[in-house]
Amino acid sequence: MSTFLIYTKTTTNKMTQSSSNSSFEYRSIGSLFDVKATIQGDKITFEKASLFNLEALPFLGRSGLNNGVVDYVKADLSKINPGKVITVALDGSTGATFYQHHPFCSGQNIWILIPKTDIISVFDQYVAIYLVASIRKAVASYSYNLSLTKTRLLKVDILVPVINEIEVDVQAMRDCVTSLRNAELIDHIPEDRLVD
């Protein structure tokens, strides 16, 4: 991860020099996102399913590994969270931040970050990966002893390229991520979790 952040810093410096309309500022998570609790349930109330079951959904726990996925469950229509969002674990693996491309089910204390469309005009997987890296860096000091609450999460500042006092420069974020080695693999995330 540190290599990614160092590379991001280097790329960011290049972008700042080449883009006359963009500068970098710290913005709070609360100013960039609507922060909402996931529709949650206890893992024991879900029926487990095979990873290879096309109907199964990922179940997110507060893990810092495997994109937060701790199991696969049969879909309970009343407890499905939408995909194409960023999730943050408030405890367990405190601050574990991931981009969830597909719909999922969730345990407790996982929050969804939904971009404010007047500030982040385009939200795709490239922009999400940039923001995930920025959020992970910003919440690294939180732990079991200094927990990450919703109030604290809203106040966390992350470094983003900006066009003006309101709008974030999503093209600069996309350029940063697409300049990384193997970034083209991001284009191959299937819309369905499993492809038959």
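Just so it is clear, none of the values below were taken in a lab; they were calculated from the coordinates. Just so it is clear, the structure is predicted and the values come from calculations on it, not from any experiment. So basically every Cβ, Gly included, is an ideal-geometry build from the backbone, and we count neighbours across all protein chains shown.
Just to check I understand the Karplus step: with θ = phi - 60° and J = 6.51 cos²θ - 1.76 cosθ + 1.60, what whole-Hz values come out for the stretch 29-35, glycine and proline as x?
4, x, 7, 9, 10, 8, 9
Between Thr178, Leu154, Ile86, whose Cα lies farthest towards the positive end of the dipole of the stretch 2-188 when Lys and Arg beta carbons carry +1 and Asp and Glu beta carbons carry -1, centred on the Cα centre?
Leu154
Which entries in the list Lys79/Lys155; Lys79/Lys150; Lys74/Lys155; Lys36/Lys79; Lys36/Lys155 go over 24 Å, if you measure between the two C-alpha atoms of each?
With Cα atoms farther than 24 Å apart: Lys79/Lys155; Lys74/Lys155.
Set Lys and Arg Cβ to +1 and Asp and Glu Cβ to -1, take the dipole of the chain about its Cα centre, and tell me which of Val127, Asn164, Ser141 lies farthest positive.
Selected residue: Ser141.
Could you order the peptides 87-100, 30-43 from most to least packed, using the average number of other C-beta atoms within 10 Å per residue?
Top of the packing list down: 87-100, 30-43.
Any chance you could run the full-extension gain for Ser141 through Asn66? It's 0.36 nm times the residue separation minus the Cα-Cα distance, nm to one decimal.
24.9 nm
Quote the Stokes-Einstein diffusion coefficient, in whole µm² s⁻¹, for the chain, based on the Kirkwood radius over alpha carbon pairs, a temperature of 37 °C and a viscosity of 0.692 mPa s.
The calculation lands on 188 µm²/s.
Explain nothing, just the number: dipole magnitude of the chain about its Cα centre with +1 on each Lys and Arg Cβ and -1 on each Asp and Glu Cβ, in debye rounded to the nearest 20.
My answer is approximately 640 debye.
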